[in-house]
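Trainee: The structure follows.
The values are calculated or read from the model by the stated rules, or taken from the named source; none is laboratory data. If you're wondering where the values come from, they're calculated on a predicted model, not measured in any experiment. Cβ placement follows ideal geometry from the backbone for every residue including glycine, while neighbour counts extend to all protein chains displayed.
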Amino acid sequence: EFAQYVQKLSHMSARCRMSLEEERELSSEIKTLGLRYSIAENLMKPYDGYVKYQMYQHMSNGEALKSASVTEKQRIDNFVTTVKSAFRGEHLTTGKDDVQRLFQDVLHGKHRLPDWMSMLLGNRRDVVEALREDGDSAAGGPKKVECRLQSRPSSGVALWITHE
């Protein structure tokens, strides 16, 4: 879901019409979402595929949770508590519904951005930061920014980068 959303962000292209402050805020939100998914993914690694699927079924279906064993309920509660604790450590907030959505997205692989998208977002973040720094200082001339993504990928999804 996260990856699909970010892939549609035409305002992250080089022809952005957002203010620098708005774009910095958006970049910060994307970074926060990435961190949330990263935490959830790391905490899900110890569970095998069947256990993850079973946990998801119980988290998303109240009737299934009622029929779950005490061990399964405890596993879900421990996972939710661990995620909340990890989020607090990163100064993020979450609720049980958020944990369920994160779990579902990570389970189905909807949270991953393609490599080219990560590089593109990094490029744009660097450009925005350089523009902000250039505006803050009167001397020194323009700042050089190194591109991670040298050319747009051939993927049809990536055509929005050049507005084709």
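Trainee: Anything in segment 105-117 that is in contact (Cβ under 8 Å) with a residue 12 or more places away in the chain and over 19 Å from Y53 (Cβ atoms)? List them, or say none.
Mentor: Answer for segment 105-117, where residues must be in contact (Cβ under 8 Å) with a residue 12 or more places away in the chain and over 19 Å from Y53 (Cβ atoms): L113, P114, W116, M117.
Trainee: If R17 satisfies every condition in (1) of a type outside the set (S, T, Y); (2) modelled with pLDDT under 80; (3) assigned to a helix (DSSP H, G or I) but one, which is the exception?
Mentor: Against the list (1) of a type outside the set (S, T, Y); (2) modelled with pLDDT under 80; (3) assigned to a helix (DSSP H, G or I), R17 comes up short only on (3).
Trainee: Take E41 and tell me if it is surrounded by fewer than 18 Cβ atoms within 10 Å (Cβ to Cβ), free of Cβ contacts under 8 Å to residues at least 12 places away in the same chain and outside any loop (DSSP other than H, G, I, E, B).
Mentor: no
Trainee: Answer yes if at least one residue in segment 132-152 is of a type in the set (K, R), surrounded by fewer than 11 Cβ atoms within 10 Å (Cβ to Cβ), farther than 18 Å from G34 by Cα and at pLDDT below 80, and no otherwise. Spell out how you get there, then give the answer.
Mentor: Within segment 132-152, the first condition is being of a type in the set (K, R), and the residues that meet it are 132, 143-144, 148, 152.
Next, from what is left, pick out any that are surrounded by fewer than 11 Cβ atoms within 10 Å (Cβ to Cβ): 144.
This time we only want the ones that are farther than 18 Å from G34 by Cα, so: 144.
If we keep only those that are at pLDDT below 80 as well, we get 144.
Yes - at least one qualifying residue is present in segment 132-152.
Trainee: Hand me the list of helices (runs of 4 or more DSSP H) wholly inside segment 45-110 holding 1 or more residues that are of a type in the set (G, A, S) and either assigned by TED's automatic domain parsing to the domain that holds E29 or over 18 Å from the mean Cα position of the chain (by Cα) (or both).
Mentor: Values: elements: 49-60, 62-66, 70-89, 96-107.
Result: 49-60, 62-66, 70-89.
Trainee: Looking at segment 28-39, is at least one residue under 27 Å from H108 (Cα atoms), modelled with pLDDT under 75 and within 11 Å of the chain's Cα centre (by Cα)? Working first, answer last.
Mentor: Applying the first criterion (under 27 Å from H108 (Cα atoms)) to segment 28-39 yields 28-39.
So of that shortlist, the ones also modelled with pLDDT under 75 come out as none.
No, segment 28-39 contains no residue that is under 27 Å from H108 (Cα atoms), modelled with pLDDT under 75 and within 11 Å of the chain's Cα centre (by Cα).
Trainee: Kindly provide the set of residues from segment 80-131 that are of a type in the set (D, E, K, R) and closer than 27 Å to S60 by Cβ, ordered by number.
Mentor: Quick first cut of segment 80-131, residues of a type in the set (D, E, K, R) only: 84, 88, 90, 96-98, 101, 105, 110, 112, 115, 124-126, 129.
Hits for segment 80-131 are K84, R88, E90, K96, D97, D98, R101, D105, K110, R112.
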